[in-house]
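This report concerns only the one structure given below.
What follows draws every value from the coordinates through simple rules; no lab data is involved. Since the model is a prediction, treat every value here as computed from it, not as a measurement. In this analysis, Cβ positions are derived from the backbone assuming ideal geometry, glycine residues included, and neighbour counts consider all displayed protein chains.
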Amino acid sequence: MSYRTITINQIQVIGRIWMPYGAVCAQVIDLSAYDIENIGELTRDNVERWLMTHTGDFSSIIDFRADIGDFLSEWADEESECTYCDCMYPTEEYEEA
């Protein structure tokens, strides 16, 4: 019997999109080995710098959570996780609109 370890490298992002201007949205970015190499040393500042140049759907980044290999950077603001969940998994009330 053999076991495989699967490593998921992703960043969860909340930010403001271009149109409609100022709307808050969320996105999950799955990173390739090339993306990780371009981030450089895995620090919160380097991940944020990479996000600012590689997330064209957003006019601005509000907050993010990065899980890349052994590197984990949680949300800077504890409310950001709630905002992320609200955007990604809206309640039925919003789905009907």
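Short-range pairs are left out: with C-alpha atoms under 8 Å and at least six residues apart, the relative contact order of segment 10-89 is 38 percent. Approximating the spin labels as points 7 Å out from Cα along Cα→Cβ, the Asp86-to-Ser60 distance works out to 1.7 nm.
Using r as the Cβ-Cβ distance of Tyr3 and Val24, and R0 as 30 Å, what FRET efficiency do you calculate, to the nearest 0.05? Working from the Cβ atoms, E equals 0.15.
I need the shape label for the chain. Rule: rounded when a/c is under 1.5, else prolate if a/b > b/c, else oblate, with a, b, c from the alpha carbon gyration tensor.
Numbers: a/c = 2.10, a/b = 1.40, b/c = 1.50.
It is oblate, given that a/c is not under 1.5 and a/b is not larger than b/c.
Mean residue ellipticity at 222 nm, helices only, the chain: -9500 deg cm²/dmol; runs of at least 4 DSSP H residues each add -39,500 (n - 2.57), and the sum is divided by the number of residues. With respect to the chain, whose longest principal axis is taken over its alpha-carbon atoms, helix 78-88 is tilted by about 70°.
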